[in-house]
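Asker: One structure is given below, represented as structure tokens, and several questions about it will come after.
The values are calculated or read from the model by the stated rules, or taken from the named source; none is laboratory data. The shown structure was predicted, so the numbers you read here are calculated from the model rather than taken from an experiment. Positions of Cβ are backbone-derived with ideal geometry, glycine not excepted, and every protein chain shown enters the neighbour counts. Only protein heavy atoms, including side chains, enter the accessible area calculation; ligands, DNA and RNA are left aside. Shrake-Rupley method; radii C 1.70, N 1.55, O 1.52, S 1.80 Å.
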Amino acid sequence: MPRRERVMRMSVEQPLWRALAGYRVLTVLYAVGLFATAYDRFPRPWIAVAYYCVLFLWTLATLPRVANAASCTRAFLAVDLALAVTGILLTPLADTHARIVDGGPTLPSIWTAGSVLAFAVKGGWRWAAVASTAVAAANLVERGGPARDTVHNVILVWVASIAIGYVVEVARASERTLARALEIEAATRERERLARDIHDGVLQVLAMVQRRGAVIGGEAAELGRLAGEQEVALRTLVSGGLVPVSRVSQDTAQGAVVRMVDDEADGEREESGPVDLRSLLAHWAGSRVSLAEPGAPVLLPAAVAREVAAAVGAAL
């Protein structure tokens, strides 16, 4: 019966995109309702009505754009931010100067924060800083100066967007690290399963061929010698490459860091923890020396493992 492959899809940011889509819809309705309650106070309400029509249609039409990171392109973010900034700058044309000075809301109101948050979720805190700075500049131009409430709102949006962008970056790095750890764990389990199967079958057959070939002699002895060499090679491969290989693998840009470092000093490895004795004995195996080890690691303190390996080497 064929084995089924299970695929796990992890996305810590997907709930953020769903929340952002809901936020955009709710805030555009809030902005329209806020305007409707103060319609008679606007000297030129037709400007606001035209802007809200565009904003409402844009919000509904672009809901698929904020469904995931792939759909949220840079071009969409640029147009979305431009629409928010345009609404802020149109506020003095639609509203009275007195209402603006008294701290009246801009035309997009809190919908602007949704545009900035889209930058944060898509590109992290750096993108959020750029978007919030553009919104801050537009608010200062709309008010004509750094009023207290304007500065307060600007700083609030700035800090919130940068913090959310940083959290998204950390979450993505953690997700990649977890995915890498799960892949390593799955590969290790599969290798152990194969090691048990091969150890119980193929390796035993090769060892038997080697012994019988040595007893029979002649061409069978040569066949036995070749079987012995293949047994050693296969045993080393099954054990996961017991001969150590120095390697450094690091990808900090993607958030996942994997380090496998074997430093050599005067021909001896410097180990700080337990050492698998099999890895120190593996290089003694050859056509005339066979190494039979258990499927599980033989962990010993580093100094003890080196002494045992040195004693075996001296005996051989």
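Asker: Output ³J(HN,Hα) for segment 85-99: one whole-Hz value per residue in order, computed from phi by the Karplus curve 6.51 cos²θ - 1.76 cosθ + 1.60 with θ = phi - 60°, and x for Gly and Pro.
Answerer: Whole-Hz 3J(HN,Hα) from phi for segment 85-99: 5, 4, x, 5, 6, 7, 4, x, 6, 9, 9, 7, 5, 5, 5.
Asker: Under 5 Å between amide hydrogens, which residues at least 5 positions from Thr62 or on another chain qualify, with H placed 1.01 Å from N in the peptide plane?
Answerer: none
Asker: Using a 1.4 angstrom probe on the protein heavy atoms only, could you order Ile184, Ile47, Ile216 from most to least accessible area?
Answerer: Details: Ile184 70, Ile47 25, Ile216 110 Å².
Sorted descending by solvent-accessible area, the residues read Ile216, Ile184, Ile47.
Asker: So what are the ³J(HN,Hα) numbers for segment 121-130, from phi and the Karplus equation (6.51, -1.76, 1.60; θ = phi - 60°), rounded to whole Hz, Gly and Pro as x?
Answerer: For segment 121-130, the Karplus curve yields 5, 6, x, x, 6, 5, 5, 4, 5, 5 Hz.
Asker: Here's a follow-up. What residues qualify as long-range amide H neighbours of Val298, i.e. H under 5 Å apart, gap of 5 or more or another chain, H built at 1.01 Å from N?
Answerer: Here the answer is Leu277, Arg278, since their amide H atoms fall under 5 Å of that of Val298.
Asker: Classify segment 21-161: rounded, prolate or oblate, from the alpha-carbon gyration tensor (a ≥ b ≥ c, eigenvalue square roots; a/c under 1.5 rounded; otherwise prolate if a/b is larger than b/c)?
Answerer: Numbers: a/c = 2.21, a/b = 1.32, b/c = 1.67.
Oblate is the answer for segment 21-161, as a/c is 1.5 or above yet b/c matches or exceeds a/b.
Asker: ³J(HN,Hα) across segment 169-174 via Karplus (A = 6.51, B = -1.76, C = 1.60, θ = phi - 60°), whole Hz, x for Gly/Pro?
Answerer: Per residue, the Karplus-derived 3J(HN,Hα) values read 4, 5, 5, 5, 4, 5 Hz.
Asker: Would you mind working out the accessible area per residue for segment 102-232, using a 1.4 Å probe, and quoting it in Å²?
Answerer: Ligands and nucleic acids excluded, the figure is 56 Å² per residue.
Asker: Also, I was wondering about something else. What nm distance separates the two modelled labels at Ala303 and Gln230, each placed 7 Å from Cα along Cα→Cβ?
Answerer: 4.5
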